[in-house]
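Colleague: The structure that follows is given in the form of structure tokens.
The values are calculated or read from the model by the stated rules, or taken from the named source; none is laboratory data. From a predicted model like this one, the values you see are computed outputs, not experimental measurements. Cβ atoms come from the backbone with ideal geometry, glycine included; neighbour counts cover every protein chain shown. Surface areas here come from the heavy atoms of the whole protein model, side chains and all, with no ligands, DNA or RNA. Shrake-Rupley method; radii C 1.70, N 1.55, O 1.52, S 1.80 Å.
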Amino acid sequence: MEGVLQLGPLMIATDRMIAVALLWAFLSVGGFIAARTESRAGRVAWIAAAVGIVAARVGYVAENAPAFAIEPWTVLALWQGGFSLWPGVAAAAAVIVLMLGRQRATAGLVATLAVLAAVQLAATTLLAPQPRPLPSGPILADMAQRPIPIESLRGQPFVVNLWATWCPPCRREMPMMIDVAAGSDIPILLVNQGEDVSRVRDYLAREGLADTSIRLDPLGALGEAFGTRAMPTTLFIDAEGRIRRTHTGEISRAALLAALRDLERTKS
């Protein structure tokens, strides 16, 4: 599946793997510069990286303040993603300059930071999946088990979230997904994969969740058609039936609302 690196049963979003690799590269170069210049560059690189990560998170939270105001605790849900590149880079650069001052190591470490930031930006752009057509064929069902052909959704933007009751991150995000779906002008379909109606109904009743946006796919045909086995996976589909964006793994309210705004803009 595009945007995901699969290592056996483990699936990791490619953009996160790239970010981790670039962070490791920055720390490694910091150690190299420290050895060559007999400076504190190695230690400063670690501090700059830590400050940069915090600043990148703070920047993202500030940009999406209304979403985080609803669920303040999700500020700490770092596994959901959500970091702004440039506030992090600026904070890290400031730490380097302040701690190292006028040294050769300063120029080397700041230059490394700038190059790696540019690589991150280029990789994000180049690896962004191109819109692809919505697969035809799968037939979903609502909780009353009335059939809903996937083709019937064409002509309007909509969102599909693939989930299962046995999936911990699916269960964590489900209350938020149902809440956003209830107030969204763009339909959000929460499509259960591979489970029968009684199991899904029991789960929803136990958790006190509404079933209005729940759809059933007992054979998992939709996930197979999309080419994904990872759950949860959230797909954003435009009015022409093209998959514009895919989010693999647990999604935050902020990321979901931002993607909905982008999808809304495709209507004009």
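Colleague: Across the stretch 171-189, what is the number of residues that are within 17 Å of the chain's Cα centre (by Cα) and within 20 Å of Ile150 (Cβ to Cβ)? First the steps, then the outcome.
Modeller: If we filter the stretch 171-189 for residues that are within 17 Å of the chain's Cα centre (by Cα), which is where we start, we get 171-174, 176-177, 180, 188.
In the following step, the residues that additionally are within 20 Å of Ile150 (Cβ to Cβ) were identified as 177, 188.
Qualifying residue count for the region: 2.
Colleague: Still on this structure, I have one more. In the stretch 53-84, what residues are modelled with pLDDT under 95, of a type in the set (A, V, I, L, M) and closer than 16 Å to Asp15 by Cα?
Modeller: The answer is Leu78, and nothing else.
Colleague: Search the stretch 15-37 for residues that are acidic (Asp, Glu) and pair each with any residue that is part of a helix (DSSP H, G or I) and open to solvent by less than 70 Å² (accessible area, probe 1.4 Å) when their beta-carbon atoms are under 9 Å apart and the residues are at least 6 apart or on different chains.
Modeller: Asp15/Gln120; Asp15/Ala123
Colleague: Output yes when any residue across the stretch 240-257 is among the charged types (D, E, K, R) and under 13 Å from Met177 (Cβ atoms), and no when none is.
Modeller: Keep residues of the stretch 240-257 that are among the charged types (D, E, K, R), which gives 240, 242, 244-245, 250, 253.
If we keep only those that are under 13 Å from Met177 (Cβ atoms) as well, we get 250, 253.
Within the stretch 240-257, one or more residues are among the charged types (D, E, K, R) and under 13 Å from Met177 (Cβ atoms).
Colleague: Quickly run through the stretch 211-230 and pick out the residues that are in a helix (DSSP H, G or I) and more than 15 Å from Ala164 (Cβ to Cβ).
Modeller: Filtering the stretch 211-230 down to residues in a helix (DSSP H, G or I) leaves 221-226.
Result: Ala225, single match.
Colleague: For the stretch 86-99, state whether one or more residues are at pLDDT 95 or above, under 30 Å from Arg40 (Cα atoms), open to solvent by less than 20 Å² (accessible area, probe 1.4 Å) and under 24 Å from the mean Cα position of the chain (by Cα).
Modeller: Looking for residues that are at pLDDT 95 or above, under 30 Å from Arg40 (Cα atoms), open to solvent by less than 20 Å² (accessible area, probe 1.4 Å) and under 24 Å from the mean Cα position of the chain (by Cα), one finds at least one in the stretch 86-99, hence yes.
Colleague: Taking into account only those residues within the stretch 231-265 that are assigned to a helix (DSSP H, G or I) and among the acidic types (Asp, Glu), which is farthest from Met17 (Cα to Cα)?
Modeller: Our first condition is that a residue be assigned to a helix (DSSP H, G or I); within the stretch 231-265, this holds for 253-265.
Then keep just the ones that are among the acidic types (Asp, Glu); that gives 262, 264.
On the way: Asp262: 24, Glu264: 29 Å.
Ranking the qualifying residues of the stretch 231-265, first place goes to Glu264.
Colleague: Which members of the stretch 152-175 meet the condition of being open to solvent by less than 10 Å² (accessible area, probe 1.4 Å) and assigned to a helix (DSSP H, G or I)?
Modeller: Cys170, Glu173, Met174, listed by residue number.
Colleague: I'm checking my understanding of the structure. Among residues of the stretch 189-236 that are among the polar types (S, T, N, Q) and over 17 Å from Ala141 (Cα atoms), which one is surrounded by the most Cβ atoms within 10 Å (Cβ to Cβ)? Break it down into steps so the answer makes sense when it comes.
Modeller: Initially, the stretch 189-236 is screened for residues among the polar types (S, T, N, Q), giving 192-193, 198, 212-213, 228, 233-234.
Going one step further and asking which of them are over 17 Å from Ala141 (Cα atoms), we end up with 228, 233-234.
Details: Thr228: 21, Thr233: 26, Thr234: 23.
Restricting to residues being among the polar types (S, T, N, Q) and over 17 Å from Ala141 (Cα atoms), the top hit is Thr233.
Colleague: What are the residues in the stretch 191-210 that are not small (Gly, Ala, Ser) and not in a loop (DSSP other than H, G, I, E, B), if any? Steps first, please.
Modeller: Just the residues of the stretch 191-210 that are not small (Gly, Ala, Ser), to begin with: 191-193, 195-197, 199-204, 206-207, 209.
Residues satisfying the conditions are Val191, Asn192, Gln193, Val197, Arg199, Val200, Arg201, Asp202, Tyr203, Leu204, Arg206, Glu207.
Colleague: So, of the residues in the stretch 37-70 that are outside any helix (DSSP H, G or I) and out of contact with any helix residue (DSSP H, G or I) (no Cβ under 6 Å at 6 or more places or on another chain), which turns out to be surrounded by the fewest Cβ atoms within 10 Å (Cβ to Cβ)? Even if it seems obvious, please write down each step before you answer.
Modeller: Here is the first cut: in the stretch 37-70, the residues outside any helix (DSSP H, G or I) are 38-40, 64.
Applying the additional criterion that residues be out of contact with any helix residue (DSSP H, G or I) (no Cβ under 6 Å at 6 or more places or on another chain) yields 38, 40.
Working: Glu38: 8, Arg40: 15.
The selected residue is Glu38.
Colleague: Restricting the search to the stretch 220-268, which residues are out of contact with any strand residue (DSSP E or B) (no Cβ under 9 Å at 6 or more places or on another chain) and closer than 30 Å to Val75 by Cα?
Modeller: Answer for the stretch 220-268, where residues must be out of contact with any strand residue (DSSP E or B) (no Cβ under 9 Å at 6 or more places or on another chain) and closer than 30 Å to Val75 by Cα: Glu250, Ser252, Arg253, Ala254, Leu257, Ala258, Arg261, Glu264, Arg265.
Colleague: For the stretch 237-262, which residues satisfy the criterion of being open to solvent by 10 Å² or more (accessible area, probe 1.4 Å) and small (Gly, Ala, Ser)?
Modeller: Within the stretch 237-262, Ala239, Gly249, Ala255, Ala258 qualify.
Colleague: Taking the options Leu98, Leu121, Leu76, Leu127, name whichever one is among the aliphatic types (A, V, I, L, M) and in contact (Cβ under 8 Å) with a residue 40 or more places away in the chain. Even if it seems obvious, please write down each step before you answer.
Modeller: Values: Leu98 fails: in contact (Cβ under 8 Å) with a residue 40 or more places away in the chain; Leu121 fails: in contact (Cβ under 8 Å) with a residue 40 or more places away in the chain; Leu76 fails: in contact (Cβ under 8 Å) with a residue 40 or more places away in the chain.
After ruling out the rest, the residue left standing is Leu127.
Colleague: If only one of Ile186, Ile178 is outside any helix (DSSP H, G or I) and either buried (at least 16 other Cβ atoms within 10 Å of the Cβ) or at negative phi (or both), which one is it? Break it down stepwise before answering.
Modeller: On the way: Ile178 fails: outside any helix (DSSP H, G or I).
After ruling out the rest, the residue left standing is Ile186.
Colleague: Further question: In contact (Cβ under 8 Å) with a residue 40 or more places away in the chain and open to solvent by 60 Å² or more (accessible area, probe 1.4 Å): is that true of Gln103 in this structure?
Modeller: Details: in contact (Cβ under 8 Å) with a residue 40 or more places away in the chain: yes; open to solvent by 60 Å² or more (accessible area, probe 1.4 Å): yes.
Spelling it out, Gln103 is indeed in contact (Cβ under 8 Å) with a residue 40 or more places away in the chain and open to solvent by 60 Å² or more (accessible area, probe 1.4 Å).
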